[in-house]
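The values are calculated or read from the model by the stated rules, or taken from the named source; none is laboratory data. Predicted model only: the values in this text are computed from it and were never measured. Neighbour counts run over all protein chains shown; Cβ positions are idealised from the backbone, glycine included.
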Amino acid sequence: MGCLFSKKRKTEKERQTPPASGEAGEQQPPKLYSWDKREKIDPKDYMFNGLKNETVGRLPGKVAGQQFVIQDCENCNIYIFDHSATITIDDCTSCRIFLGPVKGSVFFRNCRDCKCIVACQQFRTRDCRKLEVFLSCATQPIIESSANIKFGCFQFYYPELAFQFKDAGLSIFNNTWSNVHDFTPVSGENNWSLLPEDAVVQDCVPLPTLEELKAVRISTDASKSIVPITRGQRQKISEESCLAVLFAGDYTTANARKLIDEMLSRSFLLVQTKEVSMKPEDAQRIFRGKAPDFIPLLDKGPVIALEFNGDGAVEGCQLIINDVFNGTKFSKESNHTKDSKKN
């Protein structure tokens with residue numbers, strides 16, 4: 001007669017045969033999901049916190065689109081030679097900061113006596129005092145509860161910078177650096193102003209002295225700046241301006257740069273630049289009778305628009321187009337003339 005808790009002993013064959021799939025005792029490997037395969041991010045690699053009297057930075061490729069935080073730093077030189085998602089700078093004093101292209105926002109909060117070079121989609125300050133910013137910003141810069149904020153046009157170059165602008169989704173031609181909005185204006189006072197035209201970017205943020213960061217081949221020469229240096233809201237020198245429009249093509253950016261160089265060499269001023277998608281109604285308004293020639297070109301992509309200022313700007317632009325860009329179409333209008341060229 002059997003016992004209630006008795007077990008049938010396994011035969012030698014049963015002990016040697018592995019269990020079928022799904023049977024008890026089988027060690028199944030854990031299921032991997034897509035998020036399990038991602039490289040683990042250590043937030044400390046994307047933060048400078050509590051530093052004093054130091055030079056620190058990140059080389060190209062070391063941030064790669066991640067968020068970055070800079071906080072509680074004093075008298076530091078800080079360089080981010082890469083593109084990032086967003087950057088916040090909190091409670092920093094007497095720092096010099098370079099920020100490569102930022103896809104989203106750069107937000108300074110409670111900072112004092114800092115000098116910066118910044119490229120971003122959005123720029124904001126809150127509760128800041130005495131900042132100097134060489135800025136490239138795709139949207140209107142905003143200051144709030146801040147005073148003595150000075151702005152200049154972004155001016156910088158290193159070989160990887162153009163690709164970083166693209167990775168951040170920024171156009172080098174969309175820069176509203178001087179069109180600042182003050183959320184908290186004070187009657188009779190101006191909380192922001194423009195830096196002097198002769199302000200030197202290297203005096204604002206010096207070149208890095210840290211041996212590791214010296215590997216970045218930097219130039220602060222205005223003629224090499226990846227972002228065209230524009231006059232912005234500064235007073236124009238002439239009542240005559242012209243608008244050159246370059247339609248999308250294989251060499252649009254190179255042609256825009258060539259036209260800028262040629263016009264500047266003739267002492268004309270570059271007021272502003274834009275890279276935008278133009279609609280047929282925009283072409284009708286700008287080109288008027290010539291619009292039918294240009295509307296079919298709009299389907300190729302965004303146009304680059306360059307505004308120049310100076311006595312004789314219209315004629316000078318036309319001569320350059322005829323001499324340098326042979327075979328291009330050219331449209332001219334009188335009275336604050338607007339000119340257009342295409343690739």
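Considering segment 183-200, the residues that are closer than 20 Å to CYS128 by Cβ and of a type in the set (Val, Ile, Thr) include one that is surrounded by the fewest Cβ atoms within 10 Å (Cβ to Cβ), namely VAL186.
Consider ILE229 carefully, then state whether it is assigned by the TED database to the domain that holds GLY316 and touching a residue at least 24 places away in the same chain (Cβ under 8 Å). Criteria not met by ILE229. Of the residues SER267, SER187, SER238, the single one that is of a type in the set (Gly, Ala, Ser) and over 28 Å from ASP323 (Cβ atoms) is SER187.
A single entry from GLY188, GLY169 fulfils the requirement of being more than 28 Å from SER146 (Cα to Cα) and outside any strand (DSSP E or B): GLY169.
If you check ALA85, ALA64 for being small (Gly, Ala, Ser), under 19 Å from LEU161 (Cβ atoms) and modelled with pLDDT of 95 or more, only one passes: ALA85. Within the set of pairs 6+ apart or on separate chains, which have a first residue in segment 57-82 that is assigned to a strand (DSSP E or B), a second that is among the polar types (S, T, N, Q), and C-beta atoms under 7 Å apart? Listed by first residue and then by second, the contacts come to PHE68/SER84; VAL69/THR88; GLN71/ASN49; GLU74/THR93; GLU74/SER94; ASN77/THR55.
Checked against (1) in a helix (DSSP H, G or I); (2) surrounded by fewer than 24 Cβ atoms within 10 Å (Cβ to Cβ); (3) touching a Gly at 6+ places or on another chain (Cβ under 6 Å), GLN121 meets all criteria but (1).
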